[in-house]
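A short reminder: the numbers here are calculations on the coordinates, not readings from a lab. Bear in mind that the values here come from a model prediction, so they are computed numbers and not experimental data. Please note: Cβ atoms are built from the backbone with ideal geometry, for glycine as well, and neighbour counts cover all protein chains shown.
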Amino acid sequence: MTMAPEAPAPLLRIVSLTKRFGGFTAVDNVSVDIRPGERFGLIGPNGSGKTTLINCISGAFRTEPGTVLFRDEDITSLQPHMRTRRGIARSFQIPRPFRSMTVAENLMVALDFAAHEHVSVAQRRDTMMGILTQMGLASKANAAATQLSQVELRKMELARAMATHPKLLISDEAMAGLSSSEVDEVLDLLMSLASHDITIIMIEHIMQAVMRFSDRVMCLDAGKIIAMGTPSEVMANQRVQEAYLGT
Amino acid sequence: MKRSGAAFWIGAAAFLAVAFVMTKVIGNQYPFFAGYVILQFIALAVAWSILGGYAGYVNFGTSAFYGVGVYASVFLVKAFGAPLPVQILTAAAIGALMGFALGLLTLRMQGIFFSIATIALTIIIETVVTNWRYVGGAAGIQIQRPPVTAPFDNYVQLLFFIQAVLVVLAVAISRYIQNSWIGRGLQALKDDELAAECSGVPTLRLKLLACVISGALLCAVGAPGAMYLQYADPSSAFNLNYSVSTLAMSLIGGTAHWIGPVIGAIVLSTTQQLLTVTISSEVNVLVLGVMLVLFVVGAPEGIIGLARRIFHRSNEGRE
Amino acid sequence: MTKKVTEAGSISRRRLLTTASAGAALAASPLGINLLQAQGAPIRIGMSMPQTGGLAGGGKPSLLGIEIWRDDVNAKGGLLGRKVELVVYDDKSSASETPAIYSKLIDVDKVDLLFAPYATVPTAPIMPLVKQRGLLLIGNFSFQVNSKVGHDMWFNNAPWGPADSWAASFLDIGQKAGGKSMALLSADQEFAQNLAKTAREVAGKRSLPVVFDQSYPPNTVEFSSIIRGLKATKPDIVYVASYPPDSAGILRAVNEIGIGGSVKLFGGGMVGLQFGSVMESMGSLLNGVVNYNSWLPEKSMYFDGTKAFFEKYTKRAVEAKVDPLGYYLAPFGYASGQLVEQAIKATNSLDQKGLAKYLRENTHQTIVGPIAFSPDGERKETAVLQAQFRGVTDKNIEQFRSSGKQVILFPDNLKSGELVAPFEAART
Amino acid sequence: MDLLLDAVVTGVLLGCFYGAVSLGLSVSFGLLDVPHVAHPAFLVLASYGVFIINEQYGIDPLIAGLLITPLFFVFGLIAYRLYYETFEKRGSDAGVRGIAFFFGVAFIIEVLIIIQFGVDQRAVTADYIGKSWRIADTRIPYRMLVAFAVAAALTIVLTLYLSRTFMGRAIRAVAQDQEALRLMGANPIRVKQWAFGIATAVLGIAGALLIIVAPVDPTLDRAYIGRTFCVVVMAGLGSMSGTLVAAIILGVAETIVTTMVGASWAPAISFAMLLGVLAVRPQGLFGRRS
């Protein structure tokens, strides 16, 4: 592996990634590097390929052609759980809790299966409670996942992702359908996670949140990158505005 | 945890001891004939729910595994005169292989598609056995039992005890899985396969494991069936009844805990045995149908779910 | 319906039953009560019978036949001064149910005599058990189930006789009519496969070429392509071993596709063409078919009591919702009863060995004719009829009650007519 | 060669019959995702209904089938309501328990038929049963031609209904996206109930066909569970014409194997085909899902 001496090596490197469904190209030749510690915003209108792209990163979809490198390792053909163990975690656009379990058990699955080093059950419980406290869910630890409110579900998804000890966290519209105060709550959470040395890719429709959060923003339309840069640069971009306002 | 483990093994040992003592003190053969059938269904239901209950993959092919177990024994007896333990172990090995194949199916299919694929598999295997003249083909085959070995003085008692051992084995494995990381992983993938993967659960490996264990046990349980009947024919060995009964027993008992299929199998197969020797007519089939409908409608979590709810309610009442 | 007996208290004194104390506990019959009841206790005959599942269509009329015998014998005062009772369980047509049922009959119900269930599959698993216990068993239309077990207290009520006689008699008829080749079509199920096997063997012995030999799976819907394939081989004799649902399908296909002018003889082992509802719905399609049967309303078939039996059966079949004709199985169920009745009366006891000895050594008069057994427990001589359907019209079940609709071609002593050949000519 | 041609012709006709008895399931399972394993039991029930009418009044079985369709439609409405209230409404795990539920229902129907009619097989009479149409050397049974015609008519009617009428389009929409339908102002539950009613009503005619083609007995439904689901899954869920085509493929494969290899291998072949399709193209040959 050769590394550019001046810039830090990218944490995640996507090279010419393409994903087709039958005749439909959902992601079209996308290349992008994500730097360690970055807060990366991913925007684009509905159906522009955002979720498909992160499905390719997390391994839910196989890509062909295209390469995904994580910490200089080619993970293109790895199964999702292997990627999780290497440090890629994600939340889902529509929350996917383990419905038959409590909140604590949801997190324990991630701790049991994705934890890097062997730690005792007691330690894992401590870690779990730590994450829940950080997320403001400590009081709900023994509640059934099905009894959570929408915002609690979103938080639990993030907490479960955090329990895998990620280096890269992908948050897929974690604020959709929340009230503005709840949006702020979740946004603050993500900010605090980012300050704990976790790289975050945030997919979001709520523009203020993206603007406030991101170091860098990428906009997709019809599977292609149409803009990339600082939040204000991207928002000023003519094509982005067209894509959002519609033609 | 530790204490309940000790209690479980004491219970299991006591169960086997009772089964053994029964073969010594009861001279009447009927309890062993009927008991064998009940034990067989307990083992089948427990084995089935390792895949069907914990992992949520509904296998309609119980009769395929059972039938293959029976015919593995028939073949071994006819070709080599193999003794019963060899029959059971070989059947388990074949069952594990079949389970592995079934596990590969889960790569591409979920939900009812998986179930339909297992039906297809059953019909294919039954057709192959039906056309296999060496083991009798469609005409069926009569098999001679070897002389019974000590400490038993009757072959049916021996089979009864062996089936009791298989029950303990199946329950012990099921219990171990439930309490271990395997069980939590299966439960997670049952709830949501993608979310489980993204939480680090190796879903494919766990599904294969569940399929292999479940398949090996189902076949092993079928193996002594050849010696029990001393006769085998494809339409009896691959009877749809095994698939439906096993499914019904697991659902009626509840699949969230290993005790569920045990209870369900005891309730349903005892009822069936009793009905056979009491009402004994088409009403028998009617009872199975009505019980199935009543339980899935009225007690979605099975008997253990019902028990839990009642327990909770009485607790709340006291507080 | 069936009378089920729950109260215990039989006085059977069979050696094997005196062994277990726990068995006695289950049956809950203290010795004292037994002695008190000695005179009044009924003689109990235990059996399983397919009353649901694929064999129920045969099991139910068979059971009705046995019940009519029970009522007749009780009306005459019973046996040994005791009433006769039946203990009947449903085996759901399945082999896996019968071992437990017969164990219950022997060890818990402690019945005095055992009858086998109708058909081979449910009977096969109980043979070793009954042999091991040294018990008398009256078979009920199972086929060659004792050949490997070799139980010397087994007596089959069916008219089969020696294993190959069935195929032999059919091929005799065909060869006499000038048949030089045979086609064989059989269901992929046990009874049909056993018939097909003997047919192959007999054809082999006679160097009769088998030009077509196929099995078809259960639940086959459409026989057109099979019949076309069969027709293409231009056989002289077509031997069909089929089950009730398929027999109808095969005959329909034969009628629609045609079978070709070469065929002189068609049929042989089609199960189902003996059942009233099937015969009624097939109607004129049946004409020309030569098929096996066990009893037919031809003059030669009436023995002492036959007529009276069918009068009773016809009445009771309606309310029991079973085969209105009941020729095939019901009289043989009655005959099973007659067999034990005569043996018990002659030996004046219920001793199983004695009864078996009597049954083996004598010829017994029944409503289906005289019955004598060979050492393997099958009939000494075959009494399987081969009969040709003639002049059958559609939608009329009553026509089958008169003679001449099924002309008996074999055996010679019961013969009521000659074969009309070729097959196509016999169809009009 | 002639035999092969015969096999293909017979196979197409047989396939049409399979298609006709599977069309209802293609709606109930294919479009509505109801794991309707009692479908064949309903089918046999319809056959017995046709049998009574034919036996009592001598009415042609097909007309008898038409006569009982309204009854079956209502029956379907009630059945779906029950299913909905107990499973779909409660949400989770409807699949497994739904299957068990319908198995229970199938057993109950089986026993009720036995109690009412006994265990003997039943057949109907009509002019076209037992006769055949001659072209050159080939003879084709009329009853199979009836199966062909009925299957074609049912497929066309259902396809037109699903594409041309408001309710039909709503039914297809409910299969794709319930929310969208709600936004259109339709009640998805009502739509599904209606669709299930139609799926069951179709069984009236399919049941007539079943008893026209071959005699029926109370436990015949067990033989059709595998077959009908095989057809619907192979076709891909919810396509009516796809169902017919898949059924024809199945029928032709069965008869060719019967003619060339031997009838005893026929079931293995058709289900091996199903497994192959599931493994390679899980969405089926003409599936709606991408």
| query | Based on Cα positions only, what radius of gyration and what Dmax would you give for chain B, in angstroms? | reply | 19.7, 68
| field | Nearest 10 degrees, 0 to 90: helix D:39-57 Cα axis against chain D principal axis | value | 60
| task | Bin all alpha-carbon pair distances of chain C at 20 Å intervals from 0 and give each bin's fraction as a whole percent. | result | 27, 55, 17, 1
| request: Output ³J(HN,Hα) for segment A:185-198: one whole-Hz value per residue in order, computed from phi by the Karplus curve 6.51 cos²θ - 1.76 cosθ + 1.60 with θ = phi - 60°, and x for Gly and Pro. | output: 4, 5, 4, 4, 4, 4, 4, 5, 5, 4, 6, 8, 6, 10
| query | Which distance in nm do the two modelled labels at C:T393 and B:L107 give, with both placed 7 Å along the Cα-to-Cβ direction? | reply | 6.7
| task | Return the sequence-ordered ³J(HN,Hα) values of segment B:51-66 in whole Hz as given by the Karplus equation 6.51 cos²θ - 1.76 cosθ + 1.60 applied to θ = phi - 60°, using x for Gly and Pro. | result | 8, x, x, 5, 8, x, 9, 7, 8, 8, x, 3, 5, 5, 5, 4
| remark: Taking placed amide H atoms and a strict 5 Å upper bound, the residues 5 or more places from C:H364 or on another chain that come that close are C:I371, C:A372
| message | Test of understanding: in a Gaussian network model of chain A with alpha carbons linked when under 10 Å, which of A:H165, A:H196, A:H81 would top the mean-square fluctuation ranking? | response | A:H196
| task | Hey, can you grab everything whose amide H is under 5 Å from the amide H of C:I43? Only 5+ residues off in sequence or another chain; H modelled, so Pro and N-termini drop out. | result | C:K83, C:V84, C:E85
| field | Estimated FRET transfer efficiency (B:V25, D:F166; beta-carbon r; R0 60 Å; 0.05) | value | 0.20
| If you line up the long axis of helix C:306-320 against the longest principal axis of chain C, both from Cα atoms, how many degrees apart are they, to the nearest 10? | 90
| remark: One finds, for A:T133 and C:N74 with R0 = 60 angstrom and r their Cβ-Cβ distance, a FRET efficiency to the nearest 0.05 of 0.10
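What do you get for Rg/Rh of the protein assembly as shown when both radii come from the Cα atoms and Rh is the Kirkwood radius?
The Rg/Rh ratio comes out at 1.02.
Kindly put B:S4, A:S171 in sequence by how many other C-beta atoms sit within 10 Å of each C-beta, fewest to most.
Numbers: B:S4 10, A:S171 27.
Ordered by Cβ neighbours within 10 Å, fewest first: B:S4, A:S171.
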| message | Using a 10 Å cut-off around each Cβ, can you sort B:W48, C:W160, B:W132 from fewest to most neighbouring Cβ atoms? | response | B:W132, C:W160, B:W48
| request: For chain A, list log₁₀ I(q)/I(0) at each q in 0.12, 0.16, 0.17 Å⁻¹, using the Debye formula over Cα point scatterers of equal strength and ignoring solvent, two decimals each. | output: -0.69, -1.22, -1.35
| request: Using a 10 Å cut-off on Cβ to Cβ distances, tally the other chain neighbours for every residue of D:267-278 and report the average as a whole number. | output: 6
| note | Quick calc: nm separation of the 7 Å Cα→Cβ label points for B:H312 and A:D197 -> 4.2
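Calculated from DSSP H runs of 4 or more alone, at -39500 (n - 2.57) each and per residue, what is the 222 nm mean residue ellipticity of chain C, nearest 500? Walk me through the numbers before you get to the answer.
On the way: 15 runs with 156 residues, N = 428.
Calculated from helices alone, the mean residue ellipticity at 222 nm is -11000 deg cm²/dmol.
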| message | Let me make sure I get this right: for segment C:338-428, a, b and c are the square roots of the gyration tensor eigenvalues over alpha carbons, sorted descending. Under 1.5 in a/c it's rounded, otherwise prolate if a/b > b/c, else oblate. Which is it? | response | prolate
| task | For segment D:1-158, just list the percent of Cα-Cα distances falling in each 5 Å bin from zero outward, please. | result | 2, 8, 13, 18, 17, 15, 12, 8, 5, 2, 1, 0, 0
| note | With bins of 10 Å, the percent of all Cα-Cα pairs of segment A:133-247 per bin from 0 is 12, 41, 31, 13, 3
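Let me have the 222 nm mean residue ellipticity of chain A computed from DSSP H runs of 4+ only, each contributing -39500 (n - 2.57), with the sum over all residues rounded to the nearest 500. Could you put the intermediate results ahead of the total?
Numbers: 9 runs with 93 residues, N = 247.
Taking each H run of at least 4 residues, the total per residue is -11000 deg cm²/dmol.
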| query | In terms of modelled amide H atoms, which long-range or inter-chain residues lie less than 5 Å from the amide H of A:R90? | reply | A:I170
| note | Phi angles of segment B:255-268, converted by Karplus (6.51 cos²θ - 1.76 cosθ + 1.60, θ = phi - 60°) into ³J(HN,Hα) in whole Hz with x for Gly and Pro, give 9, 6, 9, 4, 6, x, x, 4, 4, x, 5, 5, 4, 6
| task | Have a look at C:I237, C:I408, C:I367 and tell me which one the Gaussian network model of chain C (Cα, springs below 10 Å) gives the largest fluctuation. | result | C:I367
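Report, in deg cm²/dmol and to the nearest 500, the calculated mean residue ellipticity at 222 nm for chain B, where each DSSP H run with n ≥ 4 adds -39500 (n - 2.57) and the sum is divided by the residue count. Intermediate results must be reported in sequence, preceding the final value.
Numbers: 15 runs with 245 residues, N = 319.
Result for chain B: -25500 deg cm²/dmol, rounded to the nearest 500.
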| message | Just to be sure I understand: with springs between alpha-carbon atoms less than 10 Å apart, which residue in B:S115, B:S180, B:S235 has the highest mean-square fluctuation in the Gaussian network model of chain B? | response | B:S180
| Cα extents of chain D along the three principal axes, largest first, in whole Å? | 60, 47, 35
| field | Normalised convex hull volume, segment B:24-113, alpha-carbon set, Å³ per residue | value | 123
| task | Give me C:K264, C:K357 ranked fewest to most by other Cβ atoms within 10 Å of their Cβ, as a rough exposure proxy. | result | C:K357, C:K264
| task | Give the angle, between 0 and 90 degrees and rounded to the nearest 10, that separates the Cα long axis of helix C:352-361 from the longest principal axis of the Cα atoms of chain C. | result | 40
| field | Residue list for segment D:1-40, given a label point 7 angstrom along the Cα-to-Cβ vector of D:L82 and an amide N cut-off under 19 Å | value | D:25, D:28-29, D:33-40
| note | With R₀ set to 30 angstrom, the calculated FRET efficiency between the beta-carbons of B:A93 and B:S180, to the nearest 0.05, is 0.80
| remark: Percent antiparallel among DSSP beta bridges confined to the protein assembly as shown, rounded to 5, stands at 45
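Anything over 27 Å Cα to Cα? Flag those among C:K131/C:K380; C:K176/C:K380; C:K148/C:K299; C:K110/C:K321; C:K312/C:K357, in the order listed. Walk me through the numbers on the way to the answer.
Values: C:K131/C:K380 21 Å; C:K176/C:K380 24 Å; C:K148/C:K299 38 Å; C:K110/C:K321 31 Å; C:K312/C:K357 32 Å.
The pairs that break the limit, which is 27 Å between Cα atoms, are C:K148/C:K299; C:K110/C:K321; C:K312/C:K357.
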| message | I need the shape label for segment B:1-158. Rule: rounded when a/c is under 1.5, else prolate if a/b > b/c, else oblate, with a, b, c from the alpha carbon gyration tensor. | response | oblate
